[in-house]
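Chemist: Okay, here's the structure, questions in a sec.
The values are calculated or read from the model by the stated rules, or taken from the named source; none is laboratory data. Predicted model, so just to flag it, every value in this text is computed and none were measured. For neighbour counting, all protein chains shown are included, and Cβ atoms are generated from backbone atoms with ideal geometry for every residue, glycine included.
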């Protein structure tokens, strides 16, 4: 009895493309579903140290929902590397300016913090509106499970 072990050859050719509509979806639930697709955990070929995930295109990021007090209380912090250069932006402000960035940061927070996680994050494409330039890849529509 032998166990199947995936090789690293032709991984890019076996990847699928999925389109996820974020309209009316909670950002956290959406991000956890997308992270599991990107990491390949939904695939029977999943191996912890290989990137076997698929590509994900998120559309209508502007119509995603932040529940509760998150729009006012959640902060995105960055530092300019100058003294006193800490910049804080609330989720409400970030969502108004860059809704695609809110979703991509949520997904990146759920991926591994390593080279493997960075490779997984590169397969995520987020768009604020319904149109995207990836029709040539013939993406499949992926519906999220409702809670």
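Chemist: Mind listing just one residue for me: the one in region 54-63 that is within 13 Å of the chain's Cα centre (by Cα) and outside any strand (DSSP E or B) and, of those, surrounded by the most Cβ atoms within 10 Å (Cβ to Cβ)?
Modeler: 61
Chemist: As an exercise: evaluate residue 34 against (1) over 15 Å from the mean Cα position of the chain (by Cα); (2) in contact (Cβ under 8 Å) with a residue 40 or more places away in the chain; (3) in a helix (DSSP H, G or I) and give the number of the one condition it does not meet.
Modeler: (1)
Chemist: Still on this model: Among the residues in region 17-26, are any out of contact with any helix residue (DSSP H, G or I) (no Cβ under 9 Å at 6 or more places or on another chain), at pLDDT 95 or above and either assigned to a helix (DSSP H, G or I) or surrounded by fewer than 18 Cβ atoms within 10 Å (Cβ to Cβ) (or both)?
Modeler: yes
Chemist: What are the residues in region 118-142 that are in a strand (DSSP E or B) and surrounded by 18 or more Cβ atoms within 10 Å (Cβ to Cβ), if any?
Modeler: Passing the criteria: 124, 125, 126.
Chemist: Something else about it: Restricting to region 106-115, count the residues that are over 14 Å from residue 39 (Cα atoms) and surrounded by fewer than 16 Cβ atoms within 10 Å (Cβ to Cβ).
Modeler: Number of matching residues: 0.
Chemist: Can you find a residue in region 80-97 that is under 18 Å from the mean Cα position of the chain (by Cα) and not in a helix (DSSP H, G or I)?
Modeler: no
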